[in-house]
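Colleague: Take this structure first; my questions come after.
The values are calculated or read from the model by the stated rules, or taken from the named source; none is laboratory data. All of these numbers come straight from a predicted model, not from anything done at the bench. Cβ atoms come from the backbone with ideal geometry, glycine included; neighbour counts cover every protein chain shown.
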Amino acid sequence: MDRQILAILQELIKADLRLTDTQLGLLSGLAFAIFYATLGIPVARLADRFNRKNIVAISLALWSMMTAAGGLAANFGQLLAARIGVGIGEAGSSPPSHSIIADLYPPNERAGAMGIFSLGVVLGAALGTTIGGLVASSYGWRNAMFVIGLPGVVLAVIVWLFVVEPRRGLSDPARAPDAPGTPMPGLAAGFASLGRSAPAVHLVIAVTLTSMIGYGLTAWGPSYMQRTLGISVRDIALYVALPGGVFGVISAVGGGRIADRLARGRGLYAQSLMVAVFKLVALPFMLGFYLIDQPMLAIGSYWLSVLFANSYLGPTFALIQGLAPLRMRALWAAITLLVINLIGLGAGPTLVGVLSDALRPQFGADSLRWALCVFAAITPWAIFHYWRAGVLLRRAAA
(Lines give C-alpha, C1' and ligand atoms only; values in the text may rest on other atoms or scores of the structure.)
Protein backbone atom coordinates (compact mmCIF):
# COMPACT_ATOMS: atom_id res chain seq x y z
CA MET A 1 0.00 0.00 0.00
CA ASP A 2 2.77 2.43 0.90
CA ARG A 3 4.47 1.89 -2.45
CA GLN A 4 1.35 1.92 -4.65
CA ILE A 5 -0.55 4.75 -2.94
CA LEU A 6 1.13 7.22 -5.29
CA ALA A 7 -0.61 5.76 -8.36
CA ILE A 8 -4.14 6.82 -7.42
CA LEU A 9 -2.93 10.20 -6.13
CA GLN A 10 -0.79 11.14 -9.14
CA GLU A 11 -3.30 13.35 -10.93
CA LEU A 12 -4.14 15.23 -7.71
CA ILE A 13 -0.44 15.65 -6.85
CA LYS A 14 0.35 16.74 -10.40
CA ALA A 15 -2.25 19.51 -10.24
CA ASP A 16 -1.31 20.61 -6.71
CA LEU A 17 2.49 20.64 -7.10
CA ARG A 18 2.48 21.34 -10.88
CA LEU A 19 4.56 18.33 -11.88
CA THR A 20 5.29 16.75 -15.26
CA ASP A 21 4.73 13.08 -16.15
CA THR A 22 8.49 12.58 -16.05
CA GLN A 23 8.64 13.88 -12.46
CA LEU A 24 5.73 11.64 -11.47
CA GLY A 25 7.51 8.69 -13.04
CA LEU A 26 10.67 9.47 -11.06
CA LEU A 27 8.72 9.58 -7.79
CA SER A 28 7.25 6.11 -8.24
CA GLY A 29 10.16 4.69 -10.23
CA LEU A 30 13.86 5.44 -10.37
CA ALA A 31 14.25 7.67 -7.28
CA PHE A 32 12.47 5.08 -5.13
CA ALA A 33 14.08 2.04 -6.74
CA ILE A 34 17.74 3.11 -6.47
CA PHE A 35 17.62 3.13 -2.67
CA TYR A 36 15.18 0.25 -2.33
CA ALA A 37 17.24 -2.04 -4.54
CA THR A 38 20.81 -1.20 -3.53
CA LEU A 39 20.18 -1.21 0.22
CA GLY A 40 18.57 -4.64 -0.06
CA ILE A 41 22.06 -6.18 -0.41
CA PRO A 42 23.52 -5.01 2.93
CA VAL A 43 20.21 -5.75 4.64
CA ALA A 44 20.31 -9.28 3.21
CA ARG A 45 23.80 -9.80 4.63
CA LEU A 46 22.47 -8.78 8.03
CA ALA A 47 19.50 -11.12 7.57
CA ASP A 48 21.82 -14.05 6.80
CA ARG A 49 23.56 -13.39 10.14
CA PHE A 50 21.04 -11.95 12.60
CA ASN A 51 17.38 -12.05 13.64
CA ARG A 52 15.33 -11.60 10.45
CA LYS A 53 11.93 -10.73 11.91
CA ASN A 54 13.41 -7.82 13.88
CA ILE A 55 14.91 -6.44 10.66
CA VAL A 56 11.47 -6.62 9.05
CA ALA A 57 9.86 -4.82 12.01
CA ILE A 58 12.37 -1.95 12.01
CA SER A 59 12.05 -1.54 8.25
CA LEU A 60 8.26 -1.52 8.41
CA ALA A 61 8.25 1.25 11.02
CA LEU A 62 10.62 3.37 8.91
CA TRP A 63 8.78 3.13 5.58
CA SER A 64 5.42 3.69 7.26
CA MET A 65 6.57 6.93 8.87
CA MET A 66 8.11 8.14 5.61
CA THR A 67 4.87 7.44 3.72
CA ALA A 68 3.01 9.67 6.17
CA ALA A 69 5.76 12.29 5.84
CA GLY A 70 5.00 12.49 2.12
CA GLY A 71 1.69 14.10 3.02
CA LEU A 72 3.59 17.11 4.38
CA ALA A 73 5.50 17.79 1.14
CA ALA A 74 5.14 21.28 -0.32
CA ASN A 75 7.15 20.70 -3.51
CA PHE A 76 8.71 18.04 -5.71
CA GLY A 77 12.00 17.93 -3.76
CA GLN A 78 10.29 17.30 -0.42
CA LEU A 79 8.02 14.60 -1.84
CA LEU A 80 11.05 13.03 -3.54
CA ALA A 81 12.90 12.89 -0.20
CA ALA A 82 9.90 11.22 1.47
CA ARG A 83 9.62 8.60 -1.28
CA ILE A 84 13.36 7.90 -1.02
CA GLY A 85 12.76 7.28 2.69
CA VAL A 86 10.03 4.79 1.83
CA GLY A 87 12.46 3.01 -0.51
CA ILE A 88 15.14 2.85 2.21
CA GLY A 89 12.65 1.32 4.64
CA GLU A 90 11.19 -1.18 2.20
CA ALA A 91 14.68 -2.50 1.39
CA GLY A 92 14.55 -4.42 4.68
CA SER A 93 11.36 -6.33 3.96
CA SER A 94 11.57 -8.92 1.20
CA PRO A 95 15.05 -10.54 1.57
CA PRO A 96 14.58 -11.60 5.22
CA SER A 97 10.92 -12.48 4.56
CA HIS A 98 11.80 -14.77 1.64
CA SER A 99 14.46 -16.44 3.79
CA ILE A 100 12.03 -17.03 6.67
CA ILE A 101 9.38 -18.54 4.37
CA ALA A 102 11.95 -20.82 2.70
CA ASP A 103 12.88 -22.16 6.16
CA LEU A 104 9.24 -22.73 7.15
CA TYR A 105 8.04 -24.61 4.03
CA PRO A 106 9.53 -27.57 2.08
CA PRO A 107 10.16 -27.18 -1.68
CA ASN A 108 6.88 -28.79 -2.79
CA GLU A 109 4.85 -26.38 -0.62
CA ARG A 110 7.00 -23.27 -1.03
CA ALA A 111 5.30 -21.82 -4.14
CA GLY A 112 1.94 -21.78 -2.36
CA ALA A 113 3.49 -20.07 0.66
CA MET A 114 5.24 -17.51 -1.54
CA GLY A 115 1.97 -17.01 -3.39
CA ILE A 116 0.26 -16.09 -0.12
CA PHE A 117 3.18 -13.80 0.76
CA SER A 118 2.85 -12.14 -2.66
CA LEU A 119 -0.68 -11.08 -1.71
CA GLY A 120 1.11 -8.13 -0.12
CA VAL A 121 1.74 -6.86 -3.65
CA VAL A 122 -1.75 -7.71 -4.94
CA LEU A 123 -3.79 -6.54 -1.96
CA GLY A 124 -1.44 -3.63 -1.34
CA ALA A 125 -2.08 -2.24 -4.81
CA ALA A 126 -5.84 -2.83 -4.50
CA LEU A 127 -6.29 -1.49 -0.97
CA GLY A 128 -3.85 1.37 -1.51
CA THR A 129 -5.89 2.45 -4.53
CA THR A 130 -9.23 1.91 -2.78
CA ILE A 131 -8.47 3.50 0.59
CA GLY A 132 -6.25 6.19 -0.90
CA GLY A 133 -8.81 7.06 -3.57
CA LEU A 134 -11.72 7.27 -1.15
CA VAL A 135 -9.82 9.38 1.39
CA ALA A 136 -8.31 11.61 -1.31
CA SER A 137 -11.65 12.22 -3.04
CA SER A 138 -13.13 13.51 0.23
CA TYR A 139 -10.21 14.87 2.24
CA GLY A 140 -7.33 15.41 -0.21
CA TRP A 141 -4.21 13.49 -1.19
CA ARG A 142 -2.21 14.56 1.87
CA ASN A 143 -4.63 12.95 4.31
CA ALA A 144 -4.60 9.81 2.17
CA MET A 145 -0.84 9.55 2.78
CA PHE A 146 -1.37 9.85 6.54
CA VAL A 147 -4.12 7.21 6.60
CA ILE A 148 -2.07 4.70 4.60
CA GLY A 149 1.25 5.29 6.37
CA LEU A 150 0.68 5.59 10.10
CA PRO A 151 -1.02 2.19 10.83
CA GLY A 152 2.19 0.48 9.68
CA VAL A 153 3.96 1.69 12.81
CA VAL A 154 1.48 -0.28 14.94
CA LEU A 155 1.96 -3.34 12.73
CA ALA A 156 5.73 -3.06 13.18
CA VAL A 157 5.31 -3.47 16.94
CA ILE A 158 3.17 -6.57 16.37
CA VAL A 159 5.80 -8.08 14.07
CA TRP A 160 8.55 -7.39 16.63
CA LEU A 161 6.60 -9.02 19.46
CA PHE A 162 4.89 -12.00 17.83
CA VAL A 163 6.52 -13.17 14.57
CA VAL A 164 8.65 -16.32 15.02
CA GLU A 165 12.27 -16.59 13.84
CA PRO A 166 12.69 -20.17 12.49
CA ARG A 167 15.87 -22.24 12.50
CA ARG A 168 17.80 -21.88 9.24
CA GLY A 169 17.39 -24.89 6.95
CA LEU A 170 14.41 -26.13 8.99
CA SER A 171 12.49 -27.37 5.93
CA ASP A 172 15.50 -28.68 4.01
CA PRO A 173 16.75 -31.57 6.17
CA ALA A 174 18.67 -33.07 3.23
CA ARG A 175 20.72 -29.88 2.96
CA ALA A 176 22.70 -29.69 6.17
CA PRO A 177 23.56 -26.19 7.43
CA ASP A 178 27.21 -25.19 7.57
CA ALA A 179 29.13 -26.04 10.72
CA PRO A 180 29.24 -23.37 13.43
CA GLY A 181 31.99 -20.85 12.81
CA THR A 182 32.03 -21.36 9.05
CA PRO A 183 32.66 -17.96 7.41
CA MET A 184 29.65 -16.40 5.69
CA PRO A 185 29.92 -16.34 1.88
CA GLY A 186 30.75 -12.88 0.56
CA LEU A 187 28.74 -10.71 -1.81
CA ALA A 188 30.91 -11.66 -4.80
CA ALA A 189 30.35 -15.33 -4.01
CA GLY A 190 26.60 -14.71 -3.95
CA PHE A 191 26.61 -13.12 -7.39
CA ALA A 192 28.92 -15.84 -8.72
CA SER A 193 26.81 -18.71 -7.37
CA LEU A 194 23.62 -17.25 -8.86
CA GLY A 195 25.38 -16.60 -12.17
CA ARG A 196 26.46 -20.25 -12.35
CA SER A 197 22.83 -21.42 -12.18
CA ALA A 198 21.42 -21.01 -15.70
CA PRO A 199 17.78 -21.62 -14.60
CA ALA A 200 18.15 -18.95 -11.90
CA VAL A 201 19.56 -16.46 -14.42
CA HIS A 202 16.60 -17.00 -16.75
CA LEU A 203 14.16 -16.69 -13.85
CA VAL A 204 15.75 -13.41 -12.75
CA ILE A 205 15.57 -12.01 -16.29
CA ALA A 206 11.96 -13.17 -16.64
CA VAL A 207 10.77 -11.70 -13.35
CA THR A 208 12.70 -8.47 -14.01
CA LEU A 209 10.99 -7.93 -17.36
CA THR A 210 7.63 -8.89 -15.87
CA SER A 211 8.15 -6.46 -13.00
CA MET A 212 9.21 -3.63 -15.31
CA ILE A 213 6.01 -4.08 -17.31
CA GLY A 214 3.86 -4.54 -14.20
CA TYR A 215 5.27 -1.60 -12.26
CA GLY A 216 4.96 0.66 -15.29
CA LEU A 217 1.35 -0.33 -15.98
CA THR A 218 0.31 -0.29 -12.31
CA ALA A 219 1.88 3.10 -11.59
CA TRP A 220 0.07 4.73 -14.51
CA GLY A 221 -3.14 2.68 -14.66
CA PRO A 222 -5.24 5.04 -12.51
CA SER A 223 -3.97 8.07 -14.44
CA TYR A 224 -4.86 6.34 -17.73
CA MET A 225 -8.36 5.57 -16.46
CA GLN A 226 -8.87 9.18 -15.43
CA ARG A 227 -7.40 10.80 -18.56
CA THR A 228 -8.59 8.46 -21.32
CA LEU A 229 -11.56 6.49 -19.96
CA GLY A 230 -12.97 9.39 -17.92
CA ILE A 231 -13.33 7.42 -14.67
CA SER A 232 -13.17 9.44 -11.44
CA VAL A 233 -10.80 8.79 -8.54
CA ARG A 234 -13.72 7.64 -6.37
CA ASP A 235 -15.08 5.26 -9.00
CA ILE A 236 -11.62 3.76 -9.61
CA ALA A 237 -11.32 3.16 -5.86
CA LEU A 238 -14.74 1.53 -5.49
CA TYR A 239 -15.50 -0.20 -8.78
CA VAL A 240 -12.12 -1.00 -10.33
CA ALA A 241 -9.54 -1.54 -7.59
CA LEU A 242 -11.65 -3.76 -5.32
CA PRO A 243 -12.71 -6.29 -7.98
CA GLY A 244 -9.19 -6.12 -9.39
CA GLY A 245 -7.88 -7.05 -5.95
CA VAL A 246 -10.21 -10.06 -5.82
CA PHE A 247 -8.98 -11.29 -9.20
CA GLY A 248 -5.40 -10.65 -8.10
CA VAL A 249 -5.88 -12.73 -4.94
CA ILE A 250 -7.36 -15.59 -6.95
CA SER A 251 -4.41 -15.39 -9.35
CA ALA A 252 -1.68 -15.24 -6.71
CA VAL A 253 -3.09 -17.92 -4.39
CA GLY A 254 -4.44 -20.10 -7.17
CA GLY A 255 -1.20 -19.82 -9.12
CA GLY A 256 0.77 -20.91 -6.07
CA ARG A 257 -1.55 -23.87 -5.41
CA ILE A 258 -1.46 -25.01 -9.04
CA ALA A 259 2.33 -24.65 -9.04
CA ASP A 260 2.63 -26.85 -5.93
CA ARG A 261 0.45 -29.55 -7.53
CA LEU A 262 2.52 -29.42 -10.70
CA ALA A 263 5.72 -29.74 -8.64
CA ARG A 264 4.40 -32.84 -6.88
CA GLY A 265 3.05 -34.42 -10.08
CA ARG A 266 5.60 -33.43 -12.72
CA GLY A 267 8.54 -31.73 -11.03
CA LEU A 268 9.60 -28.19 -10.19
CA TYR A 269 10.29 -27.35 -13.85
CA ALA A 270 6.53 -27.36 -14.55
CA GLN A 271 6.10 -24.30 -12.35
CA SER A 272 8.13 -22.11 -14.69
CA LEU A 273 6.29 -23.44 -17.75
CA MET A 274 2.97 -22.77 -16.01
CA VAL A 275 3.90 -19.11 -15.55
CA ALA A 276 4.85 -18.83 -19.24
CA VAL A 277 1.45 -20.21 -20.30
CA PHE A 278 -0.51 -17.95 -17.93
CA LYS A 279 1.41 -14.86 -19.05
CA LEU A 280 0.64 -15.75 -22.68
CA VAL A 281 -3.07 -16.06 -21.90
CA ALA A 282 -3.06 -12.71 -20.05
CA LEU A 283 -1.36 -10.75 -22.86
CA PRO A 284 -4.34 -10.10 -25.20
CA PHE A 285 -6.50 -8.99 -22.27
CA MET A 286 -3.72 -6.67 -21.09
CA LEU A 287 -3.50 -5.05 -24.52
CA GLY A 288 -7.30 -4.89 -24.73
CA PHE A 289 -7.39 -2.69 -21.65
CA TYR A 290 -5.50 0.03 -23.53
CA LEU A 291 -7.05 -0.45 -26.98
CA ILE A 292 -10.75 -0.66 -26.06
CA ASP A 293 -12.45 2.74 -25.80
CA GLN A 294 -15.63 1.57 -24.03
CA PRO A 295 -14.85 1.92 -20.30
CA MET A 296 -16.71 -1.13 -18.98
CA LEU A 297 -15.31 -3.47 -21.64
CA ALA A 298 -11.81 -2.10 -21.06
CA ILE A 299 -12.09 -2.65 -17.30
CA GLY A 300 -13.39 -6.19 -17.87
CA SER A 301 -10.37 -6.90 -20.06
CA TYR A 302 -8.13 -5.51 -17.29
CA TRP A 303 -9.68 -7.85 -14.69
CA LEU A 304 -9.14 -10.88 -16.91
CA SER A 305 -5.50 -9.96 -17.46
CA VAL A 306 -4.98 -9.68 -13.69
CA LEU A 307 -6.59 -13.11 -13.21
CA PHE A 308 -3.77 -14.77 -15.13
CA ALA A 309 -0.87 -12.32 -14.92
CA ASN A 310 -0.38 -12.25 -11.13
CA SER A 311 0.27 -16.00 -10.88
CA TYR A 312 4.02 -15.55 -11.44
CA LEU A 313 5.09 -14.21 -8.04
CA GLY A 314 4.89 -17.29 -5.82
CA PRO A 315 6.40 -19.83 -8.24
CA THR A 316 9.22 -17.51 -9.34
CA PHE A 317 10.50 -16.65 -5.88
CA ALA A 318 9.97 -20.21 -4.63
CA LEU A 319 12.08 -21.60 -7.49
CA ILE A 320 14.86 -19.08 -6.85
CA GLN A 321 14.90 -19.88 -3.12
CA GLY A 322 14.96 -23.59 -3.93
CA LEU A 323 18.03 -23.13 -6.13
CA ALA A 324 19.86 -20.92 -3.61
CA PRO A 325 22.45 -22.31 -1.14
CA LEU A 326 21.06 -22.34 2.42
CA ARG A 327 23.34 -19.59 3.71
CA MET A 328 22.71 -17.41 0.68
CA ARG A 329 18.92 -17.44 0.58
CA ALA A 330 18.45 -13.87 1.78
CA LEU A 331 21.38 -12.79 -0.40
CA TRP A 332 19.94 -14.45 -3.53
CA ALA A 333 16.58 -12.82 -2.77
CA ALA A 334 18.31 -9.45 -2.39
CA ILE A 335 20.31 -9.88 -5.61
CA THR A 336 17.10 -10.81 -7.43
CA LEU A 337 15.31 -7.81 -5.96
CA LEU A 338 18.29 -5.56 -6.78
CA VAL A 339 17.95 -6.41 -10.47
CA ILE A 340 14.15 -6.42 -10.41
CA ASN A 341 13.89 -3.05 -8.76
CA LEU A 342 16.72 -1.16 -10.45
CA ILE A 343 15.46 -2.21 -13.87
CA GLY A 344 11.83 -3.13 -13.22
CA LEU A 345 10.69 -0.61 -10.63
CA GLY A 346 13.31 1.98 -11.56
CA ALA A 347 12.79 1.93 -15.31
CA GLY A 348 9.11 0.94 -15.54
CA PRO A 349 7.18 3.94 -14.17
CA THR A 350 9.96 6.36 -15.14
CA LEU A 351 10.11 5.30 -18.80
CA VAL A 352 6.32 5.31 -19.14
CA GLY A 353 6.31 8.93 -17.95
CA VAL A 354 9.18 9.91 -20.25
CA LEU A 355 7.57 8.11 -23.20
CA SER A 356 4.21 9.74 -22.50
CA ASP A 357 5.79 13.20 -22.53
CA ALA A 358 7.72 12.34 -25.72
CA LEU A 359 4.57 11.12 -27.50
CA ARG A 360 2.42 14.06 -26.42
CA PRO A 361 3.20 16.28 -29.47
CA GLN A 362 2.04 13.49 -31.80
CA PHE A 363 -0.79 11.86 -29.83
CA GLY A 364 -1.91 14.61 -27.44
CA ALA A 365 -4.12 13.31 -24.62
CA ASP A 366 -3.67 9.74 -25.92
CA SER A 367 0.10 9.77 -25.36
CA LEU A 368 -0.18 7.82 -22.10
CA ARG A 369 -2.35 5.15 -23.78
CA TRP A 370 0.32 4.42 -26.40
CA ALA A 371 3.16 4.55 -23.90
CA LEU A 372 1.39 1.85 -21.89
CA CYS A 373 0.73 -0.24 -25.02
CA VAL A 374 4.45 -0.23 -25.80
CA PHE A 375 5.20 -1.59 -22.34
CA ALA A 376 2.55 -4.30 -22.49
CA ALA A 377 3.98 -5.47 -25.82
CA ILE A 378 7.30 -6.40 -24.13
CA THR A 379 5.61 -9.37 -22.39
CA PRO A 380 6.65 -12.10 -24.93
CA TRP A 381 10.30 -11.45 -24.04
CA ALA A 382 9.57 -12.38 -20.41
CA ILE A 383 7.55 -15.42 -21.51
CA PHE A 384 10.58 -16.76 -23.42
CA HIS A 385 12.78 -16.70 -20.32
CA TYR A 386 10.17 -18.48 -18.18
CA TRP A 387 9.94 -21.17 -20.85
CA ARG A 388 13.71 -21.47 -21.07
CA ALA A 389 14.08 -21.76 -17.28
CA GLY A 390 11.53 -24.59 -17.30
CA VAL A 391 13.44 -26.44 -20.02
CA LEU A 392 16.73 -26.17 -18.10
CA LEU A 393 15.13 -27.25 -14.81
CA ARG A 394 13.66 -30.29 -16.54
CA ARG A 395 17.05 -31.27 -17.96
CA ALA A 396 18.68 -30.88 -14.56
CA ALA A 397 16.09 -33.16 -12.97
CA ALA A 398 16.38 -35.88 -15.65
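Colleague: Residue check: is T379 hydroxyl-bearing (S, T, Y) and either surrounded by 24 or more Cβ atoms within 10 Å (Cβ to Cβ) or more than 22 Å from A219 (Cβ to Cβ) (or both)? Steps first, please.
Modeller: Working: hydroxyl-bearing (S, T, Y): yes; either surrounded by 24 or more Cβ atoms within 10 Å (Cβ to Cβ) or more than 22 Å from A219 (Cβ to Cβ) (or both): no.
It is false that T379 is hydroxyl-bearing (S, T, Y) and either surrounded by 24 or more Cβ atoms within 10 Å (Cβ to Cβ) or more than 22 Å from A219 (Cβ to Cβ) (or both).
Colleague: Would you say A47 is modelled with pLDDT of 90 or more and surrounded by 19 or more Cβ atoms within 10 Å (Cβ to Cβ)? Quick ask: steps written out before the conclusion?
Modeller: Details: modelled with pLDDT of 90 or more: no; surrounded by 19 or more Cβ atoms within 10 Å (Cβ to Cβ): yes.
Taking the combined requirement at face value, the residue does not satisfy it.
Colleague: Being of a type in the set (A, V, I, L, M) and in contact with a Pro (Cβ under 9 Å, 6 or more places away or on another chain) narrows it down to one residue among A125, A111; which is it? It would help to see each step written out before you state the result.
Modeller: Numbers: A125 fails: in contact with a Pro (Cβ under 9 Å, 6 or more places away or on another chain).
Matching residue, one of A125, A111: A111.
Colleague: Quickly run through region 126-168 and pick out the residues that are under 21 Å from A61 (Cβ atoms) and in a loop (DSSP other than H, G, I, E, B).
Modeller: L150, V163, V164, E165
Colleague: Additional query: Criterion first (farther than 23 Å from T38 by Cβ and free of Cβ contacts under 8 Å to residues at least 24 places away in the same chain) does V135 satisfy it?
Modeller: Numbers: farther than 23 Å from T38 by Cβ: yes; free of Cβ contacts under 8 Å to residues at least 24 places away in the same chain: yes.
Taking the combined requirement at face value, the residue satisfies it.
Colleague: Considering only region 237-295, how many residues are in contact with a Cys (Cβ under 9 Å, 6 or more places away or on another chain) and crowded, with 19+ Cβ neighbours inside 10 Å? Let's see the steps before the verdict.
Modeller: Of region 237-295, the ones in contact with a Cys (Cβ under 9 Å, 6 or more places away or on another chain) are 287, 290-291.
From what's left, crowded, with 19+ Cβ neighbours inside 10 Å: 290.
So the answer is 1.
Colleague: Here's something else I'd like to know. Anything in region 50-68 that is hydrophobic (A, V, I, L, M, F, W, C) and either assigned to a helix (DSSP H, G or I) or closer than 12 Å to G89 by Cα (or both)? List them, or say none. Even if it seems obvious, please write down each step before you answer.
Modeller: Restricting attention to region 50-68, the residues satisfying the condition of being hydrophobic (A, V, I, L, M, F, W, C) are 50, 55-58, 60-63, 65-66, 68.
Correct list: I55, V56, A57, I58, L60, A61, L62, W63, M65, M66, A68.
Colleague: A follow-up question, please. At pLDDT 90 or above, surrounded by fewer than 19 Cβ atoms within 10 Å (Cβ to Cβ), under 29 Å from F278 (Cβ atoms) and within 21 Å of the chain's Cα centre (by Cα): is that true of V207 in this structure? Outline the logic, then answer.
Modeller: Values: at pLDDT 90 or above: yes; surrounded by fewer than 19 Cβ atoms within 10 Å (Cβ to Cβ): no; under 29 Å from F278 (Cβ atoms): yes; within 21 Å of the chain's Cα centre (by Cα): yes.
It is false that V207 is at pLDDT 90 or above, surrounded by fewer than 19 Cβ atoms within 10 Å (Cβ to Cβ), under 29 Å from F278 (Cβ atoms) and within 21 Å of the chain's Cα centre (by Cα).
Colleague: Within region 280-305, how many residues turn out to be farther than 16 Å from I250 by Cβ, touching a helix residue (DSSP H, G or I) at 6+ places or on another chain (Cβ under 9 Å), assigned to a helix (DSSP H, G or I) and not small (G, A, S)?
Modeller: Within region 280-305, the subset farther than 16 Å from I250 by Cβ is 280, 283-284, 286-299, 301.
Filter once more, so that each one left must be touching a helix residue (DSSP H, G or I) at 6+ places or on another chain (Cβ under 9 Å): 280, 283-284, 286-292, 295, 297-299, 301.
Subset that is assigned to a helix (DSSP H, G or I): 280, 283-284, 286-291, 295, 297-299, 301.
Now narrow it down to the ones that are not small (G, A, S): 280, 283-284, 286-287, 289-291, 295, 297, 299.
Qualifying residue count for the region: 11.
Colleague: Just the residues that are of a type in the set (S, T, Y) and out of contact with any His (no Cβ under 8 Å at 6 or more places or on another chain), please, taken from region 377-398.
Modeller: Answer for region 377-398, where residues must be of a type in the set (S, T, Y) and out of contact with any His (no Cβ under 8 Å at 6 or more places or on another chain): just T379.
Colleague: While we're here: Restricting region 95-129 to residues that are under 21 Å from A259 (Cα atoms) and of a type in the set (S, T, N, Q), which is nearest to the chain's Cα centre (by Cα)? Please lay out each step first, then the result.
Modeller: First pass over region 95-129, keeping only residues under 21 Å from A259 (Cα atoms): 97-123.
Still in the list and also of a type in the set (S, T, N, Q): 97, 99, 108, 118.
Details: S97: 14, S99: 17, N108: 23, S118: 8 Å.
Once the filter is applied, the top-ranked residue is S118.
Colleague: Related question: I'd like to verify a number: residues in region 1-49 that are in a helix (DSSP H, G or I) and within 25 Å of G190 (Cβ to Cβ), how many? Outline the logic, then answer.
Modeller: From region 1-49, those in a helix (DSSP H, G or I) are 5-17, 21-28, 30-47; that's our starting set.
With within 25 Å of G190 (Cβ to Cβ) added as a condition, the list becomes 30, 32-47.
Looking only at that region, the number is 17.
Colleague: Checking G300 against (1) buried (at least 24 other Cβ atoms within 10 Å of the Cβ); (2) free of Cβ contacts under 8 Å to residues at least 60 places away in the same chain: exactly one of these is not met. Which one?
Modeller: (1)
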